[in-house]
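What follows is a set of notes on a single structure, which appears directly below.
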Amino acid sequence: MCRLLAFNTKERVDTDVIRAFVDAARNDVYFRYVSHSHGWGIAAIVEKEGKQRIIYYKSVEPIYEDDMFYNIVESLKGNRIIGIVHARKAGKEFLIGLRHNHPYHLKIRSHDLYFAHNGSINRKAFEHPDYPSTDSYLFFLELVKNVENSPISIEKAYSKLILELGRYSSSLNSALLTFNEVEGPEVYFAHYYNKERIKEIEEYYRVYRYGDYVFSSTIAYYLGKKVESVELGSVIRLSND
């Protein structure tokens, strides 16, 4: 399991939320006080004066030790900033490395997709369970397949897949950033965990919202402000309109 943050905000990202994210990655109070030390990544789109730029960065260094993290955060300024950040705690040592760090990125016919996931999924749920990557990446490949082979929207395809994979997973908490030139960026957050398969205390898997931000429970703990619970089983689209 990892820690995850998604946002759709204006002007600049909230430094209190960023600080809480780093603290959660360094010392997770809901995960035996273990750090999420296997690297981190960010995918963000900044809109400023009618122009857009994509910031995509992954590192094998822990987020709390990577000097680039705050340099990137400082660049997240504009009329609108939309993105996802992921700090990783790998479940298997042979799947540690930059290739396996989130967010993952794939192109489909109409969009660029960036995806990050917290949790574990039984690989028997997938058509090719021996594919040499993480179960999170297999989750992403399944989502891409559903989007490309179905007339329904990306959001509905995402919600449908959460229902299909739920019984195979401990958690499907995840974030999806989408972008194309016509529609612009969108960011979604899925909140799901299976109480019969979780291994940590239940609070570890819960998700909360604070204004323009949605994040894992440990971030809420360190933020220390009033937050809203996100409904279990939901896929929400973050909007600041």
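Just order 140-146, 199-205 by mean Cβ neighbour count inside 10 Å, highest at the front, would you?
In decreasing order of mean packing, 140-146, 199-205 become 140-146, 199-205.
What is segment 1-93's relative contact order, in percent, from Cα pairs under 8 angstrom and six or more apart in sequence?
45 percent
Comparing 20, 175, 87, which has the greatest mean-square fluctuation in the GNM of the chain with Cα pairs linked when under 10 Å apart?
Residue with maximal mean-square fluctuation among 20, 175, 87: 20.
Within the chain, which DSSP H helices have Cα atoms that stretch 15 Å or more along the helix axis and a mean Kyte-Doolittle hydropathy of at least 0.0?
15-26, 135-148, 154-165
Determine the share of the chain's accessible area contributed by carbon and sulfur atoms, expressed in whole percent, with a 1.4 angstrom probe.
Carbon and sulfur: 48 percent of the exposed surface of the chain.
Among 54, 18, 45, which one shows the highest mean-square fluctuation when the chain is modelled as a Gaussian network with alpha-carbon springs under 10 Å?
Comparing 54, 18, 45 in a Gaussian network model of the chain, the most mobile one is 54.
Would you pull out the residues with amide H under 5 Å of residue 233's amide H, same chain only if 5 or more places away, H placed 1.01 Å from N?
191, 192, 193
Set the Förster radius R0 to 25 Å, insert the Cβ-Cβ distance between residue 56 and residue 180 as r into 1/(1 + (r/R0)^6), and round the FRET efficiency to 0.05.
Once the sixth-power term is evaluated, E becomes 0.95.
What whole number of Å gives the distance from the Cα centroid of segment 1-57 to the Cα centroid of segment 203-219?
Segment 203-219 and segment 1-57 have Cα centres spaced 12 Å from each other.
Quick one: length gained pulling residue 108 to residue 203 fully straight, 0.36 nm per residue minus the C-alpha distance?
30.7 nm
Could you check the spin-label model distance between residue 234 and residue 150? Points 7 Å from the Cα along Cα→Cβ, value in nm.
Spacing of the two 7 Å Cα→Cβ label points: 2.0 nm.
Which whole-Hz ³J(HN,Hα) couplings does segment 175-185 yield from phi under the Karplus relation 6.51 cos²θ - 1.76 cosθ + 1.60, θ = phi - 60°, glycine and proline marked x?
Coupling constants for segment 175-185: 9, 10, 9, 10, 7, 9, 5, 7, 7, x, x Hz.
At 7 Å along the Cα-to-beta-carbon direction for both residue 47 and residue 11, put a label point, then send me their distance in nm to one decimal.
Going from the residue 47 label point to the residue 11 one covers 1.8 nm.
For residue 200, list long-range residues whose amide hydrogen, built 1.01 Å from N in the peptide plane, is under 5 Å from its own amide hydrogen.
For residue 200, no residues qualify.
Given a 1.4 Å probe, how much area per residue of segment 149-197 is accessible, in Å²?
That works out to 46 Å² for each residue.
When the chain is treated as a GNM, springs tying every alpha-carbon pair under 10 Å, which of 15, 218, 178 comes out with the largest mean-square fluctuation?
Comparing 15, 218, 178 in a Gaussian network model of the chain, the most mobile one is 15.
As a test of the definition: which semi-axes, in Å, follow for segment 75-125 when you take the square root of five times each eigenvalue of its alpha carbon gyration tensor? Largest first, please.
Working through the eigenvalues yields semi-axes of 25, 16, 10 Å.
Hey, got the Cα dimensions of segment 148-210 along the principal axes, in Å, largest first?
Its Cα atoms span 43, 30, 11 Å along the three principal axes.
So what are the ³J(HN,Hα) numbers for segment 95-101, from phi and the Karplus equation (6.51, -1.76, 1.60; θ = phi - 60°), rounded to whole Hz, Gly and Pro as x?
Going residue by residue, I get 10, 9, x, 4, 4, 9, 6 Hz, with x marking Gly and Pro.
The values are calculated or read from the model by the stated rules, or taken from the named source; none is laboratory data. Every value quoted in this text rests on a predicted model; they were computed, and no experiment measured them. Cβ atoms come from the backbone with ideal geometry, glycine included; neighbour counts cover every protein chain shown. These area figures cover heavy atoms from the full protein model, side chains too; ligands, DNA and RNA do not enter into them. Shrake-Rupley method; radii C 1.70, N 1.55, O 1.52, S 1.80 Å.
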